[in-house]
Every structure is written in C-alpha cells, then in structure tokens.
1. Here are some residues: LEU197, LEU183, LEU217. Which one is out of contact with any helix residue (DSSP H, G or I) (no Cβ under 9 Å at 6 or more places or on another chain) and modelled with pLDDT of 75 or more?
2. Take GLY143 and tell me if it is more than 17 Å from the chain's Cα centre (by Cα), closer than 17 Å to ALA186 by Cα and either surrounded by 15 or more Cβ atoms within 10 Å (Cβ to Cβ) or of a type in the set (S, T, N, Q) (or both).
3. Looking at LEU131, is it assigned by TED's automatic domain parsing to the domain that holds MET69 and either surrounded by 18 or more Cβ atoms within 10 Å (Cβ to Cβ) or under 23 Å from SER71 (Cα atoms) (or both)?
4. Could you please give the count of residues in region 173-201 that are in contact (Cβ under 8 Å) with a residue 12 or more places away in the chain, in a helix (DSSP H, G or I) and not polar (S, T, N, Q)?
5. Could you say whether any residue in region 118-134 is within 18 Å of the chain's Cα centre (by Cα) and among the small types (Gly, Ala, Ser)?
6. How many of the residues in region 157-180 are crowded, with 17+ Cβ neighbours inside 10 Å and either of a type in the set (Val, Ile, Thr) or modelled with pLDDT under 90 (or both)?
7. Do you know which residues across region 150-168 are in contact (Cβ under 8 Å) with a residue 60 or more places away in the chain and among the charged types (D, E, K, R)?
8. Which of (1) at pLDDT below 75; (2) at positive phi; (3) not charged (D, E, K, R) does ALA231 not meet, given it meets every other one?
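The values are calculated or read from the model by the stated rules, or taken from the named source; none is laboratory data. Everything numeric here is computed off the predicted structure, so don't read it as measured data. Methodologically, a virtual Cβ is constructed for each residue, glycine included, from the backbone with ideal geometry; neighbour enumeration extends over all protein chains shown.
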Amino acid sequence: MKDARAPLDVDFDALQAPKAVLAGSALGGALALLVLPDVVPAVAQSLVAPQPKTWWYLSRASGLVAYAMLSVSMLLGLLLSTRFAKAWPGSASAFVLHEHASGLGLAAALFHGLVLLGDRYTSFRPLEILLPFGASYRPAAVGLGQLALYGLALLVASFYARKRIGQRAWRWLHFASFLVYALALAHGVALGTDRGLVVAGLVPAVAVLFFAVYRMLAHTLGETPSPRRRAAGLADRAS
C-alpha cells in the first residue's frame, strides 16, 4: 500500500495558474479603469485639505487586503492534500497560491504601515513604524500589528531559505503562522472603528480555526498527513 505521507507526485514544470485567478485579475483591472476617473479627483482634493484622510483610508484598505491575503494563505495551507484543495484548484496549485498569497499579504502589510507616515492625525515617525510598541498612538494595538508584520516577513523569507535552514526547522517555523494570524486579528480588532468590518474579519478567522481543528483531528486519527508535512513534500517538488 502506498504511504499516505509520501509527497504528491506533481509536475511543477507544467503547473499553470488557475484560469479563474487570471480571469479575476483581468476583471479587477477592468473595474479599476472604470472607477479611477471618479476616485482620483477626490483623492487629489483630499490630499491638499487641512486634515487629509486619504492616508488613513489607504492604510485601512491595505490592512484589510493584507488580512484577507493572510487568511487565504492560512486556509490554503490547511487545505493542502484535502479533498477540498484536490477538487479546486488542485493540491499543487494550492501550494503555489499559498506561497504567493503570503507574499502579497506582506506587501500589503508593509504599505499599510508605511503609508501612515503621511497621516497628520497619528503623526507617526519612521522609528514608530518600525519599533514594536514604540508608537505614540495606541502603542499596544499598533505593536501587535508590528509583531505580526515581522512574523509574516520571516515566514515569507523561509520559503526561499528552506534549503539553508533544513526541512525540520522550516516545518516548525511554519507553525508560527498561527501566532502571526492571531496577532494580525488582534491588531485589527483592537484598532477597528467599524463594527461591521470587525465582525466580517472574524468570519475567516472562524474558518481558519475550523479547518485547523479538522486537520488536527484527521492527523490524530491517522487519516491524513499533517498539513505542514505535506506542504514540505510539495515544496521539495517545487524546488
């Protein structure tokens, strides 16, 4: 009988991004072209106002994008090798999307913090952006986000340093993704001013918790390999 823990036999050279992702990107670009002519004048007017809110809105929007990408990455990582990922987009594609979603989340998180340097209300200085719990505005809540940012940066870097640090260290390091996700969620809830968005942010968190428990139970019962072990096998194939 074939070992259930064996890596998936996937031809990564022939792997292509799902057509649905490409179609979604094209649709997003088309919608942006339609919306930008109306949005750009309002943004320009806000930037020259006595108290411009554009920087705050940009930071808020990019923070939501970062959290969404992190949630997608977490879910894809948990669903690797399950029947859900095998049905769509496929286990191999799920691993690739898992890695790229983490990178996109990191990029959005960096923008989320750095764009606040232009906000006059919070008046962040560069050191306050970089130093955890060193901000003059809501230091505890902001600090949680800063820790999540550095943790996410470490996780993204580990994809490229896996051969150097070894498979075992890489696998254990990726268990820290749960802590990073919890910190990001706590940061958003603590600073959230819109109750509706806070509640909406809890939905993917519940999904992540559900599938984490599902994978732990499945692994304990011996039905499937752990998601990190299977991800390690997929990473070996991808390298």
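1. Details: LEU197 fails: out of contact with any helix residue (DSSP H, G or I) (no Cβ under 9 Å at 6 or more places or on another chain); LEU183 fails: out of contact with any helix residue (DSSP H, G or I) (no Cβ under 9 Å at 6 or more places or on another chain).
Just a single option satisfies the conditions, and that option is LEU217.
2. Numbers: more than 17 Å from the chain's Cα centre (by Cα): yes; closer than 17 Å to ALA186 by Cα: yes; either surrounded by 15 or more Cβ atoms within 10 Å (Cβ to Cβ) or of a type in the set (S, T, N, Q) (or both): yes.
Yes; evaluated as a whole, the condition is true for this residue.
3. On the way: assigned by TED's automatic domain parsing to the domain that holds MET69: yes; either surrounded by 18 or more Cβ atoms within 10 Å (Cβ to Cβ) or under 23 Å from SER71 (Cα atoms) (or both): no.
So LEU131 fails the test.
4. From region 173-201, those in contact (Cβ under 8 Å) with a residue 12 or more places away in the chain are 173-181, 183-191, 197, 201; that's our starting set.
Those left that are additionally in a helix (DSSP H, G or I): 173-174, 177-181, 183-191, 197, 201.
Then keep just the ones that are not polar (S, T, N, Q); that gives 173-174, 178-181, 183-191, 197, 201.
The total comes to 17.
5. From region 118-134, those within 18 Å of the chain's Cα centre (by Cα) are none; that's our starting set.
For region 118-134, residues within 18 Å of the chain's Cα centre (by Cα) and among the small types (Gly, Ala, Ser): absent.
6. In the first step, residues of region 157-180 are kept if they are crowded, with 17+ Cβ neighbours inside 10 Å; the result is 158-159, 162, 170-171, 173-174, 177, 180.
Pick out the ones that are also either of a type in the set (Val, Ile, Thr) or modelled with pLDDT under 90 (or both) and you get 158-159, 162, 170-171, 173-174, 180.
Here the count works out to 8.
7. Residues of region 150-168 in contact (Cβ under 8 Å) with a residue 60 or more places away in the chain: 152, 159, 162-163, 167.
Within region 150-168, ARG162, LYS163 meet the criteria.
8. (2)
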